[in-house]
Amino acid sequence: MNFIALKMLVGDRAKYIGIIIGLTFASLLITQQSAIFVGIMTRTFSFLTDVGLPDMWVVDPQVQYIEDIKPLQDTQVLRVRGVAGVQWAVRMYKGGLKARLANGTFQTCVVIGLDDETLIGGPPEMLQGKLSDLRRSDGVIVDAVGARGKLARVLPNGQRVPLRVGDTLELNDHRAFVVGICRITQTFQANPVIYTTYSRATTFAPQERKLLSFVTAKAKSGEDPQTVCRRIERATGLKAYTRDEFKKLTFIYFLKYTGMPINFLTAVALGFLVGITIAGQTFYNFTLDNLRYFGTLKAMGATNRALLRMILLQALTVGAIGYGLGVGAASTWGILLSGRTQIAFRLPWQLLVISAAAVLFICLSSAALSIRKVMKLEPAVVFRS
Amino acid sequence: MPATLQSNRDEPKLAVSCHAVTKTYGRGTAAVQALRGVDLEVRAGELLMLVGPSGCGKTTLISVIAGVLGRDAGDCVVSEHDYREMAELETTCFRGRNIGFVFQAFNLIPTLTAAENVAAPLIINGMKRHAAVHHAGEVLAKVGFDERMMRSFPQDLSGGQQQRVAIARAMVHDPRLIVCDEPTSALDSETGRMVMDLMRRVALGKDRALVVVTHDARIFEFADRIARMEDGRITKVENPPPRTNESSNGP
């Protein structure tokens, strides 16, 4: 019966293609919009992902997410070092500073100040220069996207010249000398990221009583970072998070306090509706058109179970094709644009499963209407002209 | 006059035996009594035509005989099986093995080739696709189809050719009974006679009976007996007019 089902399906070209187009668009919209959403959300904590070595982040108790800097006193690092189970703890500065560009305009940059001695928390990948070059006078490392983009020099003819090693720039009226170019995970704000030492960063920054953004720390071998975090909280009165806890805090903040989820959810719902209406309606019409033949098969001895299997096979076939085409189109779109633009696109396997489940739901709901119609069909209908 | 036939040891077995069959559509004031106590017997090897004016209950009666419609009262035994004693699934399977259908509008699945359409009853009964299509080809050859025509789709065939495919489909699984609803009404006179001739020669067999519902008086001569219906009853069973020779052309 399977081959009869498939030939019935494929033989009606217009409806077959219509159903597949509907499901492809649904799958494309659901997958692509979700992937962009996940991409953007991942960028909200990309800094935490890039800083690999520490497994604990100590911050002011009022901090709500990674960009929410509430400075601490420099001495807090010493208190954290004194907590049992902490192997090491270092200072880190993170703040927004204005860079003066060659054409006289200003560009806000994210400046990261690393512990002077260890340089812990540096960029994950150096493209030019070495991390230790930060020890050179006025040395800074600039992220490649920023160097090519917002920090690039614009010539009178409009051509953009990327910032290179050896160039200088002005950060809050201080000279900074580019000693390296690095690659980092794109951040949510998409501002250029500049790495330097903690002491230099605090020199660049406007003078405040407290400038320490985070204390990053590592738990001793065999110690559970979560337990050590709770210990740090009790000992210092600060808030300590493991990397995953801090990521989660940031993620939840953006979910709760920004309009992003609802915007993307609307787009995903639209994709779902497109699937239900176009594919569902066309599939139902396909069944109605073939009702006479289902009735004929029923009269000739096909059981309800056999007809049920036929309709499910038809629905799952168009579902699989539509899903494959949609996910393929979304992936191709993501791969092509990710290489050329800074679009946030991340397609983890979980998203593929969710998208597949959504398409499956669309197919099964469409099939359910058709199945109901065919199950209730009296075989005597075949004698009615 | 009751339209029953008494079977004895010299006569062939009964393919269909209906006694006092009634069927009503709808309820209350909207109720329409389609069958009002039908008595009918059809012998194996016999072609019985069921004739009568529109709305007299012919289609309802063959629906009951074919097991696609339940009756309200009376007995209906087909090939020694009473539908009333069977569960729905049993009835469906019984139909699949023992009943063949020929429809007025052919009801061939347009996306299947002629051979695949004919193979459908075999596939329903569990035969593998390739074997079924191969066997369907052999049966189609009996109704005059060549290889090219077997691979044709219904819309590429003439009305007469489509009805030949439908006849092949009705007999491919060697059923005990074939029911035909107005098999010639969509065909011109000559093609209609050719189709009936084919049904007599190929579809009718020693152990197989044919019940044909028709309005078409031009094909009455192909019947072994004619049962006339009126107002939900069999009013008369008669012998057909003598056959002419003009219909003896091959398919």
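If A:Leu291 satisfies every condition in (1) more than 39 Å from the chain's Cα centre (by Cα); (2) buried (at least 17 other Cβ atoms within 10 Å of the Cβ) but one, which is the exception?
Of everything listed in (1) more than 39 Å from the chain's Cα centre (by Cα); (2) buried (at least 17 other Cβ atoms within 10 Å of the Cβ), A:Leu291 misses just condition (2).
Across the stretch B:120-166, which residue is farthest from B:Ile99 (Cα to Cα) among those that are within 14 Å of chain A (Cβ to nearest Cβ) and within 18 Å of the chain's Cα centre (by Cα)?
So, considering only residues that are within 14 Å of chain A (Cβ to nearest Cβ) and within 18 Å of the chain's Cα centre (by Cα), the one farthest from B:Ile99 (Cα to Cα) is B:Gln162.
Does A:Gly11 satisfy the criteria of being within 14 Å of chain B (Cβ to nearest Cβ), out of contact with any helix residue (DSSP H, G or I) (no Cβ under 8 Å at 6 or more places or on another chain), over 30 Å from A:Gly259 (Cβ atoms) and without any contact (Cβ under 8 Å) to a residue 12 or more places away in the chain? Full working, then the answer.
Values: within 14 Å of chain B (Cβ to nearest Cβ): yes; out of contact with any helix residue (DSSP H, G or I) (no Cβ under 8 Å at 6 or more places or on another chain): yes; over 30 Å from A:Gly259 (Cβ atoms): yes; without any contact (Cβ under 8 Å) to a residue 12 or more places away in the chain: yes.
When the stated conditions are applied, A:Gly11 passes them.
Could you look through the stretch B:47-88, keep only residues that are among the polar types (S, T, N, Q) and at the interface with chain A (Cβ under 8 Å from one of its Cβ atoms), and pick out the one that is nearest to B:Ile124 (Cα to Cα)? Reasoning before the result, please.
As a first pass, look at the stretch B:47-88 and keep what is among the polar types (S, T, N, Q): B:54, B:59-60, B:63, B:79.
Filter once more, keeping what is at the interface with chain A (Cβ under 8 Å from one of its Cβ atoms): B:59, B:63.
Values: B:Thr59: 24, B:Ser63: 20 Å.
Once the filter is applied, the top-ranked residue is B:Ser63.
Which of the residues that make up the stretch A:286-312 are under 25 Å from A:Ser27 (Cβ atoms) and either within 14 Å of another protein chain (Cβ to nearest Cβ) or among the charged types (D, E, K, R) (or both)? Steps first, please.
Within the stretch A:286-312, the first condition is being under 25 Å from A:Ser27 (Cβ atoms), and the residues that meet it are A:286-290, A:308-312.
Within the stretch A:286-312, A:Phe286, A:Thr287, A:Asp289, A:Asn290, A:Leu308, A:Arg309, A:Met310 qualify.
Among the residues of the stretch A:52-104, which ones are crowded, with 16+ Cβ neighbours inside 10 Å, assigned to a loop (DSSP other than H, G, I, E, B) and of a type in the set (A, V, I, L, M, F, W, C)?
A:Val63, A:Ile66, A:Ile69, A:Val83, A:Leu101, A:Ala102
If I filter the stretch B:89-103 down to residues being at the interface with chain A (Cβ under 7 Å from one of its Cβ atoms) and surrounded by 22 or more Cβ atoms within 10 Å (Cβ to Cβ), which single residue comes out as farthest from B:Leu157 (Cα to Cα)?
Ranking the candidates gives B:Thr92 first.
Give the residues of the stretch A:120-159 that are crowded, with 16+ Cβ neighbours inside 10 Å, assigned to a loop (DSSP other than H, G, I, E, B) and under 23 Å from the mean Cα position of the chain (by Cα), sorted by residue number.
A:Gly121, A:Gly122, A:Pro123, A:Gly149, A:Lys150
When you check A:Ile40 against the structure, is it β-branched (Val, Ile, Thr), part of a helix (DSSP H, G or I) and more than 10 Å from chain B (Cβ to nearest Cβ), yes or no? So that I can check it myself, show each step before the final result.
Details: β-branched (Val, Ile, Thr): yes; part of a helix (DSSP H, G or I): yes; more than 10 Å from chain B (Cβ to nearest Cβ): yes.
So A:Ile40 fits the description; yes.
Assuming A:Thr332 fulfils every condition listed in (1) assigned to a helix (DSSP H, G or I); (2) more than 30 Å from B:Ile178 (Cα to Cα); (3) touching a residue at least 24 places away in the same chain (Cβ under 8 Å); (4) away from chain B (no Cβ under 13 Å) apart from one, which condition is it?
The failed condition is (3).
Out of everything in the stretch A:160-206 that is aliphatic (A, V, I, L, M), in contact with a Leu (Cβ under 7 Å, 6 or more places away or on another chain) and in a loop (DSSP other than H, G, I, E, B), what residue ends up being surrounded by the fewest Cβ atoms within 10 Å (Cβ to Cβ)?
Only one residue tops the list, namely A:Ala205.
Out of all the residues in the stretch B:166-204, which are among the polar types (S, T, N, Q) and touching a Ser or Thr at 6+ places or on another chain (Cβ under 9 Å)?
B:Thr184, B:Ser185, B:Thr191
For a quick check of your reading: which helices (runs of 4 or more DSSP H) sit entirely within the stretch B:142-251 and have at least 2 residues that are out of contact with any His (no Cβ under 7 Å at 6 or more places or on another chain), farther than 24 Å from B:Phe94 by Cβ and acidic (Asp, Glu)? So that I can check it myself, show each step before the final result.
Details: elements: B:147-150, B:159-171, B:189-198.
By residue number, B:189-198.
Take the residues in the stretch A:295-340 that are crowded, with 20+ Cβ neighbours inside 10 Å and of a type in the set (S, T, N, Q), then tell me which one is farthest from A:Leu9 (Cα to Cα).
Top of the filtered list is A:Thr296.
Surrounded by fewer than 18 Cβ atoms within 10 Å (Cβ to Cβ), away from chain B (no Cβ under 14 Å) and over 28 Å from A:Arg183 (Cα atoms), is that true of A:Ile276? If you could, list the steps in order and put the result at the bottom.
Numbers: surrounded by fewer than 18 Cβ atoms within 10 Å (Cβ to Cβ): yes; away from chain B (no Cβ under 14 Å): yes; over 28 Å from A:Arg183 (Cα atoms): yes.
Yes.
Would you tally the residues in the stretch B:104-119 being at the interface with chain A (Cβ under 7 Å from one of its Cβ atoms) and among the small types (Gly, Ala, Ser)?
Count: 1.
Going by the conditions given, is A:Leu352 within 22 Å of the chain's Cα centre (by Cα), away from chain B (no Cβ under 14 Å), modelled with pLDDT under 90 and surrounded by fewer than 23 Cβ atoms within 10 Å (Cβ to Cβ)? It would help to see each step written out before you state the result.
Working: within 22 Å of the chain's Cα centre (by Cα): yes; away from chain B (no Cβ under 14 Å): yes; modelled with pLDDT under 90: no; surrounded by fewer than 23 Cβ atoms within 10 Å (Cβ to Cβ): yes.
No; evaluated as a whole, the condition is false for this residue.
The values are calculated or read from the model by the stated rules, or taken from the named source; none is laboratory data. Keep in mind that this is a model prediction, so the values were computed, not measured. We place every Cβ from the backbone using ideal geometry, glycine too, and count neighbours over all the protein chains shown.
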